[in-house]
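Below: the structure, in structure tokens.
The values are calculated or read from the model by the stated rules, or taken from the named source; none is laboratory data. Computed from a predicted structure; not experimentally measured. Note that we place each Cβ from the backbone using ideal geometry, even for glycine, and neighbour counts take in every protein chain shown.
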Amino acid sequence: MNKHIIYFPKDGQASLVSNEWQVWNGELDEGAQFESPDQASDLNKVLVPFHWWITHHHNTNIMARANKGEIGVWFATDDDILKHANIIKAGKALWPVVAAHFPIFRDGRSFSTAALLRQRFDWQNEVRAIGDVLIDQLLQGARVGFDAFEMRADQDLKVGLTQFDLFSVTTQNSWRRKRSLLEA
Amino acid sequence: MYKYDAIDQTLVDQRVAQFRDQVARRLDGSLAEEEFRPLRLQNGLYHQRHAYMLRIAIPYGLLSAKQLRTLALISDQYDRGYGHFTTRQNIQFNWIELAQTPDILAELAKVEMHAIQTSGNCIRNITSDAFAGVAGDEYVDSRPVCELLRQWSTLHPEFAHLPRKFKFAINGAKEDRTVLLCHDVGIELKKNTWGELIADLYAGGGMGRTPILGSLIKQDLPWQVLPSYLTALLRVYNRFGRRDNLYKARIKILVKALGPQEFARQVEGEWTHLQNGDDNFTKGEWERVAKHFTKPAYQQLSSLTNEQVIADAPEAEQTTFARWLERNVRPHQVPGYASVILSLKPHGTVAPGDATTAQMKAIADLSDQYSFGELRVTHEQNLVLADVEQSKLFELWRAAKKQNVALANIGLLTDIIACPGGDFCSLANAKSLPIAKAIQERFDNLDYLFDLGDISLNISGCINSCGHHHVGNIGVLGVDKDGEEWYQITLGGEQGVDAAIGKVIGPSFYADEIPDVITSVINTYVGHRLDDESFIDAYRRLGVGPFKEAAYKNSKKRKKVDDQSESALS
């Protein structure tokens with residue numbers, strides 16, 4: 001778990017903030033510090049796999065932590081979020097943070113996941129990029145709907161922070177802004 | 001042609017700065033090659049057999065004289081004195097230094113050019129009809145839609161890492177000069193009975209290992225909603241296209257697996273949420289772009305007959321000039337004008353589609369002198385001067401001859417489409433260029449070629465099919481067998497409205513057999529031809545039988561071939 005993440009709110013500036021969320025890879029996660037998020041340290045809030053949430057959210061301990069705002073979910077690249085729209089809609093009141101995973105930086109499926117969360121579900125809370133998140137994909141991620149980035153451990157966060165101002169114009173709409181138009 | 005506004009210019013300038021920083025991080029080692037690779041590819045930079053290759057976009061094939069002079073400058077200062085025009089309206093330079101690429105891109109940005117998305121798993125350079133705006137058979141000038149979609153797709157964040165490359169072609173004419181059905185998405189523009197601009201969309205076409213013609217998935221779509229519809233289509237592909245197998249990652253595999261109807265249904269389902277959104281084009285945007293594609297300042301001229309044009313030439317030159325008029329000159333929408341194709345396929349000298357620095361400069365001058373300073377690049381790797389006064393055709397022909405770009409072989413057997421092949425490309429299994437050269441040398445008799453008429457011969461050095469062999473009447477594909485270069489022949493491919501994928505005739509041949517094999521195929525055609533029947537018509541009437549028999553009759557080496565790898569490829 002990285003100490004810091006890049007946080008870049010929709011109408012604000014990008015900055016480094018402390019990371020409060022631990023990503024849990026599920027029960028099959030070898031070497032995990034806990035077998036279930038209800039055993040995790042109270043210090044950490046936990047992002048659980050979405051498919052795990054589907055089968056375990058009736059567990060009272062889990063729900064108790066979720067009600068305290070300590071549980072979020074992360075979407076794998078093969079989670080079809082539109083198929084589970086009702087669960088996600090219910091999650092809007094529960095999850096302070098959701099995340100979408102990049103198994104490798106050049107897998108763009110989570111870009112569409114973030115876009116759908118913002119467009120279709122009108123997701124207002126944080127959407128975090130996790131996994132193989134690298135400097136040169138930050139801007140694309142920020143434009144499709146991510147506002148937080150837990151970067152791969154070897155990435156230079158300071159260089160990461162410089163990526164969001166590279167372009168002052170755009171030629172298609174995105175979550176952050178409409179396409180640039182010339183003054184009439 | 002389109003002129004960048006402040007937004008376009010800022011975007012390409014900032015893209016150069018971004019890439020300059022990425023290259024610097026690569027060179028100082030803070031960016032690993034594996035992670036730099038997709039970044040450089042999305043700026044057209046490949047690592048090839050000898051050096052880096054830079055592929056520069058010529059969006060929908062339009063080029064100004066000024067831009068061509070910049071390409072000549074790049075060829076001269078940063079490369080080895082020539083460039084290669086490709087089948088998808090790009091130009092490639094083969095001898096590039098990585099450290100110099102930001103400077104090259106900065107030179108390009110000065111003349112409103114770039115290499116953005118000419119490679120990589122993203123939306124590639126959008127191609128169109130090289131004769132858009134001047135063709136006699138045009139329903140709609142495709143260029144404003146091409147430019148609007150160029151802008152929409154440029155640095156599109158959601159579709160920056162698709163499962164695989166994604167190619168658009170757009171056509172607005174009766175004849176198809178874009179190989180529309182071999183594209184991931186083909187957009188056919190037309191007007192409805194109320195005169196409104198609408199589009200039919202074909203998806204899932206492609207060449208490569210699994211050649212498939214695209215399927216019609218949407219009809220009569222108003223032009224304004226193309227961005228929202230294409231967002232829906234690309235989103236379905238981005239989410240569900242295969243990423244586990246490089247060879248099954250193109251959209252054609254998804255469309256085939258789901259079936260075109262189901263694919264269309266899923267796109268439609270996504271689109272219902274997007275179609276009324278603000279992604280769609282506005283009238284203001286149309287006007288901003290379309291005003292650049294108004295007609296140039298044509299003179300009021302009367303049409304000349306062919307006889308009148310030929311009469312400009314001295315008697316001794318009339319036969320060859322007439323032949324050039326027939327093969328290399330196309331009718332124009334405006335009386336007194338014609339479009340001229342400059343052949344980049346001289347026999348037996350350089351690679352098909354290559355132009356030297358000197359030729360680029362001279363052709364830029366010709367375009368200034370004869371065609372309003374504009375050029376077009378064709379899918380067949382030739383250049384077009386689209387707006388030439390008929391009364392100046394003879395003068396232009398003489399000037400073009402001096403540059404060795406006036407061979408009257410357009411559409412003939414030696415107007416070969418070829419990829420750079422194993423001489424340059426690290427993907428290739430076999431060389432393409434020596435095969436093209438050998439065929440051109442074998443058929444170096446223009447009278448004979450002229451009698452044969454329209455025949456397309458396309459050569460790819462590997463199954464990636466950059467030389468479009470699948471849609472050549474005669475296709476030649478380089479294959480590797482135990483480290484040796486072999487060539488597979490396909491017959492019956494065709495581009496245009498009757499597009500078809502060629503069929504493999506049988507086991508492969510050695511390189512040195514190819515000219516004989518092609519000769520046998522051609523002789524069979526000549527032997528069976530009825531009147532003026534074209535090669536493809538004769539092939540369709542006769543079937544593969546007689547051609548196959550002739551091709552293998554004299555082949556001594558074919559028995560050595562391992563047939564197993566053959567069937568794996570077909």
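Observations
- Filtering segment B:1-43 to residues that are closer than 30 Å to residue B:292 by Cβ, more than 10 Å from chain A (Cβ to nearest Cβ) and basic (Lys, Arg) leaves B:3, B:20.
- Of the candidates B:434, B:420, the single residue that is surrounded by fewer than 23 Cβ atoms within 10 Å (Cβ to Cβ) and under 30 Å from residue B:509 (Cβ atoms) is B:434.
- Among the residues of segment A:71-87, the ones that are farther than 19 Å from residue A:132 by Cα and in contact with a helix residue (DSSP H, G or I) (Cβ under 8 Å, 6 or more places away or on another chain) come to 6 in all.
- Residue identified as within 25 Å of residue B:388 (Cα to Cα) and surrounded by 12 or more Cβ atoms within 10 Å (Cβ to Cβ) among B:351, B:290: B:290
- Selection of segment B:366-421 for residues being among the aromatic types (Phe, Trp, Tyr) and either touching a His at 6+ places or on another chain (Cβ under 9 Å) or at positive phi (or both) yields only B:372.
- Qualifying positions in segment B:487-505 - over 16 Å from residue B:467 (Cβ atoms), in a loop (DSSP other than H, G, I, E, B) and modelled with pLDDT of 95 or more: B:492, B:505
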